[in-house]
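J.: Dropping a structure here in C-alpha cells format, bear with me for questions.
The values are calculated or read from the model by the stated rules, or taken from the named source; none is laboratory data. Because the structure is predicted, anything quoted here is derived from the model rather than measured. We place every Cβ from the backbone using ideal geometry, glycine too, and count neighbours over all the protein chains shown. Accessible surface areas use protein heavy atoms only, side chains included; no ligands, DNA or RNA. Shrake-Rupley method; radii C 1.70, N 1.55, O 1.52, S 1.80 Å.
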Amino acid sequence: QVQLVESGGGLVQPGGSLRLSCAASGSIFSINGMGWYRQAPGKQRELVADFSSGSNPYYADSVKGRFTISSDNAKNTVYLQMNSLKPEDTAVYYCRLIIRPLYSQTKDYWGQGTQVTVSS
C-alpha cells in the first residue's frame, strides 16, 4: 500500500525558514506529479506549488520568490523550501503526489498534513 509521510512543520518567527518533506513508500512504479497545497482555518485548500516531470514548476503569486519546490527521485521525496515566512503563510500544508502503483491504476495520493505556524 502506498503511503505518504510529511514532516518539517512547526512554529517559526516571521522572516524565518522551514523545509517541508513528503516521502512516498510502498509498491510504486512511478511518480508522475508532485505538489504542495495549504489550508488555513475557515478557508479553502489552495495550490501553493506544483512540480511535474517535463514542465516548469508553478507557484502561487503569494509565494513566488520565497518558496521553492524540489524533489529527490531516488528517495521518492518532494520538498518545499519556505523562506521569508509571513503570518499569512500559517496553514496546514499537504503534499499531493500522482503515483502509479505497481499493481493498480494511477491516482492522487495526499499526505496527512503538517502544521506551519508563523508568529512572533
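J.: If I build a Gaussian network model for the chain, linking alpha-carbon pairs within less than 10 angstrom, which residue out of Ser84, Ser27, Ser55 has the largest mean-square fluctuation?
T.: Ranking Ser84, Ser27, Ser55 by mean-square fluctuation puts Ser55 first.
J.: Using the alpha-carbon centroid of each, what span in Å lies between the range 1-37 and the range 95-120?
T.: 7
J.: Between Phe29, Phe67, Phe51, where does the largest GNM mean-square fluctuation fall for the chain, given springs only between Cα atoms within less than 10 Å?
T.: Looking only at Phe29, Phe67, Phe51, the largest GNM fluctuation is found for Phe29.
J.: Evaluate Rg over Rh across the range 1-56, taking Cα atoms for both radii and Kirkwood's formula for Rh.
T.: The Rg/Rh ratio comes out at 1.02.
J.: Comparing Gln105, Gln39, Gln81, which has the greatest mean-square fluctuation in the GNM of the chain with Cα pairs linked when under 10 Å apart?
T.: Gln105
J.: Please sort by residue number the trypsin sites (Lys or Arg not before Pro) in the range 65-111 whose DSSP state is loop and whose Cβ has at most 15 other Cβ atoms within 10 Å. Kindly include the intermediate steps, with their values, before the conclusion.
T.: Details: sites: Arg66, Lys75, Arg96, Lys107; in loops: Arg66.
In loop regions of the range 65-111 (DSSP not H, G, I, E or B), the sparsely surrounded trypsin sites (Lys or Arg not before Pro) are Arg66.
J.: Further, regarding this structure: If you roll a 1.4 Å probe over the heavy atoms of the protein chains, what accessible area per residue do you get for the chain, in Å²?
T.: Here the residues of the chain average 55 Å² of exposed surface.
J.: At a 1.4 Å probe, what is the % contribution of carbon and sulfur to the accessible area of the chain?
T.: Here carbon and sulfur together make up 45 percent of the probe-accessible area.
J.: Grab the Cα-Cα distance for Gln13 and Ile28, subtract it from 0.36 nm times how many residues apart they are, and report the gain in nm with one decimal.
T.: On the way: separation 15, 0.36 × 15 = 5.40 nm, distance 3.74 nm.
Once the chain is fully extended between Gln13 and Ile28, it gains 1.7 nm.
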